[in-house]
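Written out below as structure tokens is the structure these notes cover.
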Amino acid sequence: MGHTDLLSSLDFLTTGTFVLSWYVSGFILMLWVIYDVLYVNTSVSKPLKIGWPIIIFFFSIIGLLLYLETCRAWGIANLKEDVKKKVHHSYVTPVFNKVTGSVIHCVAGDGLGIMTAMVIGRYMRVNFWSEFMAEYITGFFFGWILFQYPAMRSMGNSSAQSLWKGGRAEFFSMITLMTGMLLTMKLIQPHIVASAPLPNTYAFWGIAAFALFIGMIVTYPMNWWLVSIGWKHGMA
């Protein structure tokens with residue numbers, strides 16, 4: 001199978017069967033995770049109690065598997081509340097788990113902003129680069145204000161410090177996330193559809209979720225570095 005044939009095989013992203021099953025399952029799993037972080041896995045940090053449901057809505061079973069593997073200790077439902085915090089802290093301490101938490105912070109907030117700007121931009125029929133810049137700016141501010149700032153504030157930083165530290169972390173995370181999305185939209189999307197699909201099509205939602213997923217993969221190394229130097233703190 002050639003390079004072009006491989007990319008063309010991704011046309012399943014445009015089908016109603018895939019898109020409907022993906023988002024319906026994502027919605028159902030999102031409801032379960034909301035219940036889980038509120039009543040069972042209660043030691044999850046506040047930003048991630050919002051971030052995980054968003055991630056699982058867009059990434060469905062992949063998002064759920066990430067949550068179970070990196071943020072939910074085995075047997076947590078059977079522990080008393082005073083033990084859960086210690087067990088959870090120990091479970092999310094490994095580097096990969098911490099980095100995944102950092103990535104979730106990034107992709108959940110940024111993804112909401114990006115998708116919002118993408119929907120508006122497509123309906124307004126703006127050109128590619130205008131839409132891309134709108135996605136970047138909107139995603140940056142959603143991630144910065146809704147996720148990075150509260151996370152930094154919860155660690156005892158002042159409002160000014162939280163804005164600075166949150167904005168610094170968001171700047172580097174956003175660059176890599178949008179790089180992954182840019183590569184998807186420029187190099188992969190043309191092999192799947194003839195033109196940028198509108199939000200009232202299955203293709204829009206299938207390709208958008210795929211692009212966000214590629215962006216998540218691309219931003220992992222950057223978030224690994226940010227966690228290693230203490231600029232982000234992962235699951236903690």
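Just to be sure, is E69 part of a helix (DSSP H, G or I) and closer than 19 Å to D36 by Cβ?
Criteria met by E69.
I'd like to check which helices (runs of 4 or more DSSP H) are fully inside segment 107-207 and have at least 3 residues that are over 21 Å from M222 (Cβ atoms).
In segment 107-207, the matching helices (runs of 4 or more DSSP H) lie at 128-143, 159-183.
Looking at segment 178-200, is at least one residue among the aliphatic types (A, V, I, L, M) and closer than 27 Å to C71 by Cα?
yes
Just to be sure, is V99 under 18 Å from the mean Cα position of the chain (by Cα) and surrounded by 22 or more Cβ atoms within 10 Å (Cβ to Cβ)?
The answer is yes for V99.
Do you know which residues across segment 152-165 are closer than 17 Å to L48 by Cβ and modelled with pLDDT under 85?
Of the residues in segment 152-165, the ones closer than 17 Å to L48 by Cβ are 152-155, 162.
Scanning segment 152-165 gives M152, R153, S154, M155.
So that you can scan it fast, the table gives a plain yes or no per residue for (1) buried (at least 16 other Cβ atoms within 10 Å of the Cβ); (2) not polar (S, T, N, Q):
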residue	(1), (2)
D11	no, yes
T17	no, no
S25	no, no
F57	yes, yes
G63	yes, yes
L66	yes, yes
E69	no, yes
E81	no, yes
P94	no, yes
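For the condition in a helix (DSSP H, G or I), at pLDDT 95 or above and closer than 21 Å to I188 by Cβ, what is the one hit in T17, T4?
The conditions single out T17.
Quick test of your reading of the structure: Y123 fulfils all but one of (1) in contact (Cβ under 8 Å) with a residue 60 or more places away in the chain; (2) closer than 20 Å to G26 by Cβ; (3) aromatic (F, W, Y). Name the failing condition by number.
Y123 satisfies all of (1) in contact (Cβ under 8 Å) with a residue 60 or more places away in the chain; (2) closer than 20 Å to G26 by Cβ; (3) aromatic (F, W, Y) except (2).
The values are calculated or read from the model by the stated rules, or taken from the named source; none is laboratory data. It should be emphasised that the depicted structure is a prediction, and the values quoted were computed from it without experimental measurement. Virtual Cβ from ideal backbone geometry, glycine too; neighbours counted across all protein chains shown.
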